[in-house]
Amino acid sequence: MIRILELLPSALKWSGIQTSLRAVPLDHIPVYEALSYTWGTELPVHRICCNGQNFAIRPNLFHALRRLRYRTKPRLLWIDAICIDQDNTDEKNLQIPLMRNIYMSASQVLV
């Protein structure tokens, strides 16, 4: 299982970022894009809404999501900082070895 992030659309560039996160089996992954970016050294001070809950992210990711968000349709993304629970060592140990295949299976990798 991996998680895929659905970035919900917004016609307003400055509106809050709304997302949903869902677990999908490796053999039934929908078409998605993977994001590769530099996390940066700043603290996660920006907030997005993920599954109805506040979720803190770093500035680089916040600005990337704002630029990647479509105006009228959702976008499916795999982003390591969100799709892997960064506070769960066991999960990271399971997910990190899958990252090569996750990137290779993406319809495209956004850099």
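Details
- Contact map, the range 22-42: first residue of a type in the set (F, W, Y), second residue open to solvent by 90 Å² or more (accessible area, probe 1.4 Å) and at pLDDT 90 or above, Cβ cut-off under 8 Å, separation 6 or more or different chains; pairs are Y37/V111.
- Pairing residues of the range 83-94 that are basic (K, R) with residues that are surrounded by 11 or more Cβ atoms within 10 Å (Cβ to Cβ), at Cβ distances under 9 Å and at least 6 apart in sequence or on separate chains, gives K92/I84; K92/D85; K92/Q86.
- The residues of the range 30-45 that are open to solvent by 50 Å² or more (accessible area, probe 1.4 Å) and touching a strand residue (DSSP E or B) at 6+ places or on another chain (Cβ under 9 Å), listed by number, are V31, Y37, L43, P44, V45.
- All helices (runs of 4 or more DSSP H) inside the range 1-95 with 1 or more residues being of a type in the set (V, I, T): 80-83, 89-95
- Of the candidates R66, R3, the single residue that is in contact with a strand residue (DSSP E or B) (Cβ under 6 Å, 6 or more places away or on another chain), in contact (Cβ under 8 Å) with a residue 12 or more places away in the chain, of a type in the set (K, R) and surrounded by 14 or more Cβ atoms within 10 Å (Cβ to Cβ) is R3.
- Residue in the range 52-60 that is closer than 20 Å to Q95 by Cβ, of a type in the set (A, V, I, L, M, F, W, C), touching a strand residue (DSSP E or B) at 6+ places or on another chain (Cβ under 8 Å) and open to solvent by less than 20 Å² (accessible area, probe 1.4 Å) present: yes
- There is at least one residue in the range 17-25 that is modelled with pLDDT of 95 or more, of a type outside the set (A, V, I, L, M, F, W, C), open to solvent by 50 Å² or more (accessible area, probe 1.4 Å) and in contact with a Cys (Cβ under 7 Å, 6 or more places away or on another chain).
- Which numbered condition L21 fails, given (1) closer than 18 Å to H63 by Cα; (2) in contact with a Leu (Cβ under 6 Å, 6 or more places away or on another chain): (1)
The values are calculated or read from the model by the stated rules, or taken from the named source; none is laboratory data. All values reported here derive from a predicted model rather than from experimental measurement. Here the Cβ is made from the backbone with ideal geometry for all residues, glycine too, and neighbour counts use every protein chain on show. Only protein heavy atoms, including side chains, enter the accessible area calculation; ligands, DNA and RNA are left aside. Shrake-Rupley method; radii C 1.70, N 1.55, O 1.52, S 1.80 Å.
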